[in-house]
Amino acid sequence: MGKLFAENRSVPVFLMILAAITLAITVMSEGYGTGAISTSLVKTLGMTLCLCLIALAMDLVWGYCGILSLGHFAFFALGGYMIGMWLMYARTADTIAAAQAAQPIPPTAVELNDAIAVQIFGVVGGDSFPWMWAFSDSLFLQLALVVLAPGLLAFVFGWLAFRSRVTGVYLSILTQAMTLALSLYLFQNDTGLRGNNGLSGLQNLPGVEAPQALTSVWFLWASALALGLGYLLCAWVVSGKFGKVVRGIRDDEPRVRFLGYPVEGFKLFIFVLSAVIAGIAGALYYPQAGIINPDELAPIASIYLAVWVAIGGRGRLYGAVIGAAVVSLASTWFTGGRAPDIPLGGYTIQWVDWWTVLLGLGFVLVTLYAPKGLGGLIDLMSRRKDA
Amino acid sequence: MSTLLEVSGVSVTFDGYRAINNLSFAIGEPEMRAIIGPNGAGKTTFMDIVTGKTRPDEGQVIWGEKNESLLRKSEAQIVQAGIGRKFQRPTVFEEQTVYDNLQVALRKDRGPLAVLLDRPTKADRDRIEELAGEIGLSDHLDTIAGTISHGQKQWLEIGMLLAQEPRLLLVDEPAAGMTKEERDHTTDLLKEAAKTRAVVVVEHDMEFVRRLDCKVTVLHEGSVLAEGTLDHVTADQRVIDVYLGR
Ligand SMILES: Nc1ncnc2c1ncn2[C@@H]1O[C@H](COP(=O)(O)OP(=O)(O)OP(=O)(O)O)[C@@H](O)[C@H]1O
Ligand SMILES: [Mg+2]
């Protein structure tokens, strides 16, 4: 009971901190405040919130249900591609329509459509819309696909894997294979999503005149809102009896089965829910990043996600958020060229290269000396206060 | 008393070793039955077969009034049909509280959505407290189950079994690691349950079996060696040779 209470107590605290951070960034932004924080940093922070959201999703499957998915960036990127298709289509349609309106003879609908297709797919030698772009003119349908595409992939994958009782490291390898296969598929030029060019220009919202200084803050708000709602949802899911059953599956799967629970159904539910959250996080991330390409689904990205959650402390939602925020921001700093190089006589430590070593070292240290992660330290502190 | 479970002609081979050999067994409702036999006789494997953990190579396992075969059902479906099990090594959810363990075991809808929307009712809480009283863990409801003693874990698992309200209870070595007093209390719990249900108890401790005061089945090398009252089977020379005499 004490544990449950502690978990519920984290919800209001978390939401308040999130709101405070969002407000602070807003009043320091170029668009709505003093300008102390540059627009590109606002975007980085907004993207970090999205990474926190996918870390939550990861914690749900791994920390609570024991499914070590190493393919969650497949869902994240799918969400990004789905919203990216609409962004690219709608914006290209706007510019083409504007350009052709000046011509003496107005173009037919077919001509307009062909021109858009050439504009988008010219880089991969295409001149017509592939089947998967069928709904790309509808924001509503593409938003639905942000949820449906990752959800469906997770459902099919999970149904096959869980039903055959693939668990542990074998399941992790399968999830790696899933994201690798999807990424290789997308790398091909003729699969309909522009191969290794990916989708670009996603930061420009169709029909919106406002400058990036403003839209970056809007996306920050949207990301914060999604993270807050995601946190509430996850906390609700893991708090009641469902959370107890799911933790039981993590600790002793056969035992749960011998209590009469259809374990596969529970795992599938958690896996699909987690994939959907990851997809939503991706759909908010890539318009801030401006570009998405198949590199985003590289197996290593999903492994990093597991490292963030492990460092943050799995099995506690705030742990996942802290891990993702701390590690991804540190990673941006170290690899962004802002960290000062350390000259060592004959050799210079360049953080771009050495950051990975530092991260690996941090991971080992946390695993050895703080197996509950950074979040575990918060547990300790809040317990000491209670006592 | 009508037959609730009937196992007939069942055999299981592990890597060429016949752990269960043409075993036949039946139990009615209500009934208490003790199963004894030397280590490796196949007692636990018998329970594995009934609960769907191990699939037999041949034979039939028939359940209930409708004579359903259990062999095509999943573990979860078998539990939902009304068969509950206590494992030889006590297995409770060590990271969760005694209360949580009992709550998860309570007989309620097991589907993911029903569980997600489940909000504990007063009846649930009362039932959990009542069960905790029966298994002597009333003062430990908020204790993390990993920290209670071995004997208390045994009881918690018995409590989880009772919480499921099964028609057939399969209880594997419930008294291991218990004090004399705890054992006596355990027999009382099992005898109470056997008034309305079928209960199968595997136990090595003869004193415990005597207190159960029920029909005894002796297993040896995967089949039934003898069956009858405790006095009857313990007088059987073959039983003395393979089990008691050692
Ligand atoms: N999954 C398995 N794989 C291989 N052999 C097994 C398996 N399960 C049981 N056995 C073997 O089958 C035989 C019967 O084992 P079982 O556990 O049913 O005995 P038991 O009567 O419960 O013994 P004990 O009194 O020691 O609990 C043993 O020789 C055991 O080694
Ligand atoms: Mg045994």
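The values are calculated or read from the model by the stated rules, or taken from the named source; none is laboratory data. Everything numeric in this text was worked out from a predicted model, so none of it was measured. Using ideal geometry, Cβ is built from the backbone for each residue, glycine included, and neighbour counts are taken over all protein chains shown. Remember, those area values only see protein heavy atoms, side chains included, never the ligands or the DNA or RNA. Shrake-Rupley method; radii C 1.70, N 1.55, O 1.52, S 1.80 Å.
For the stretch A:143-215 versus the stretch B:147-200, the inter-centroid distance based on Cα atoms is 50 Å.
Summed over the residues of the stretch B:30-93 and divided among them, the accessible surface reaches 40 Å² per residue at a probe radius of 1.4 Å. The angle between the Cα long axis of helix A:263-289 and the longest principal axis of the Cα atoms of chain A comes to about 50 degrees, rounded to the nearest 10. Annotated for chain B: lysine pairs at least 8 residues apart or interchain, Cα distance under 17 Å, count 12.
Per the 1.4 Å probe, what fraction of the accessible area of the stretch B:1-64, in percent, lies on carbon and sulfur atoms? Answer for the stretch B:1-64 is 43 percent, counting heavy atoms of protein chains only. Each 5 Å bin from zero up to the one holding the largest Cα-Cα distance in the stretch B:85-165 carries the following percent of pairs: 3, 16, 29, 25, 17, 8, 2. Counting only alpha carbon atoms, the long axis of helix B:122-134 and the longest principal axis of chain B meet at about 50°. Put simply, the amide H of residue B:223, placed in the peptide plane, has neighbours under 5 Å in B:21, leaving out anything fewer than 5 places away on its chain. For the stretch B:214-246 versus the stretch B:1-35, the inter-centroid distance based on Cα atoms is 15 Å. Shown is the FRET efficiency for residue A:236 and residue B:14, computed with R0 = 41 Å from the Cβ-Cβ distance and rounded to the nearest 0.05: 0.35. Taking θ as phi - 60° and the Karplus parameters 6.51, -1.76 and 1.60, the scalar couplings of the stretch A:150-157 work out to x, x, 5, 4, 5, 5, 5, 4 Hz in sequence order, x denoting glycine and proline.
Shape analysis of chain B yields a ratio of the Cα radius of gyration to the Kirkwood radius, Rg/Rh, of 0.97.
Can you pull the one-decimal nm distance between simple spin-label points at residue A:99 and residue A:291, each 7 Å off the Cα toward Cβ? With each label point 7 Å from Cα toward Cβ, the separation is 2.0 nm. Springs between Cα atoms under 10 Å define the GNM used for chain B, and in it the highest mean-square fluctuation of B:89, B:127, B:119 occurs at B:119.
Solvent-accessible area of residue B:110, all protein chains in place: 20 Å² (probe radius 1.4 Å, heavy atoms, ligands and nucleic acids excluded). For the stretch B:73-99, heavy-atom accessible area (probe 1.4 Å) falls by no less than 10 Å² from the chain alone to the full protein assembly at B:75, B:76, B:79, B:80, B:85, B:87, B:91, B:93, B:95, B:96, B:97, B:99. Within the stretch A:334-387, all pairs of alpha-carbon atoms sorted by distance into 10 Å bins from zero give the percentages 21, 30, 26, 17, 6, 0. Ordered by 1.4 Å accessible area with all protein chains kept, B:24, B:223 run largest first as B:24, B:223.
With r defined as the distance between the Cβ atoms of residue A:205 and residue B:142 and R0 fixed at 35 Å, what FRET efficiency is calculated, to the nearest 0.05? Please list the in-between numbers first.
Numbers: r = 52 Å, r/R0 = 1.49.
Between residue A:205 and residue B:142 the formula returns 0.10.
Overall size of the stretch A:215-254 from C-alpha positions, given as principal axis extents largest first: 50, 15, 7 Å. Close amide-amide hydrogen proximity is noted between residue B:31 and B:197, B:198, B:199, each under 5 Å apart and 5 or more residues distant or on a separate chain (H modeled in the peptide plane; Pro and chain starts excluded). For the pair residue A:123 and residue A:166, label points projected 7 Å from Cα toward Cβ lie 3.3 nm apart. Let me test this: with uniform point scatterers at the alpha carbons of the stretch B:10-65, what is the Debye-based log₁₀ I(q)/I(0) at q = 0.16, 0.28 1/Å? Ignoring solvent entirely, the Cα scatterers give -0.51, -1.35.
Looking at chain A, how many pairs of lysines come closer than 22 Å at the Cα, when each pair is eight or more places apart or spans two chains? Present the calculation step by step, with values, prior to reporting the outcome.
Working: A:3/A:241; A:3/A:244; A:3/A:372; A:3/A:385; A:241/A:267; A:244/A:267; A:244/A:372; A:372/A:385.
Lysine pairs meeting both conditions in chain A amount to 8.
Solvent exposure of residue B:108, expressed as accessible area, is near 60 Å², computed with a probe of 1.4 Å over the protein chains only. Principal axis analysis of the Cα atoms in the stretch A:2-386 yields extents of 76, 55, 47 Å, listed in decreasing size. Calculation over all alpha carbon pairs of the stretch A:177-276 in 5 angstrom steps from 0 returns a P(r) of 2, 10, 12, 12, 10, 14, 14, 11, 9, 5, 2, 1 percent. Give the separation of the Cα centroids, the stretch B:63-130 to the stretch A:328-382, in Å. The stretch B:63-130 and the stretch A:328-382 have Cα centres spaced 45 Å from each other. Determine, from the Cβ-Cβ distance of residue A:353 and residue B:24 and an R0 of 60 Å, the FRET efficiency 1/(1 + (r/R0)^6), rounded to the nearest 0.05. According to the calculation, E is roughly 0.25. Just the protein heavy atoms count here, and of the accessible area of the stretch A:165-258 at 1.4 Å, carbon and sulfur take up 65 percent. Computed over protein heavy atoms with a 1.4 angstrom probe, the accessible surface ordering of B:102, A:268, largest first, is A:268, B:102.
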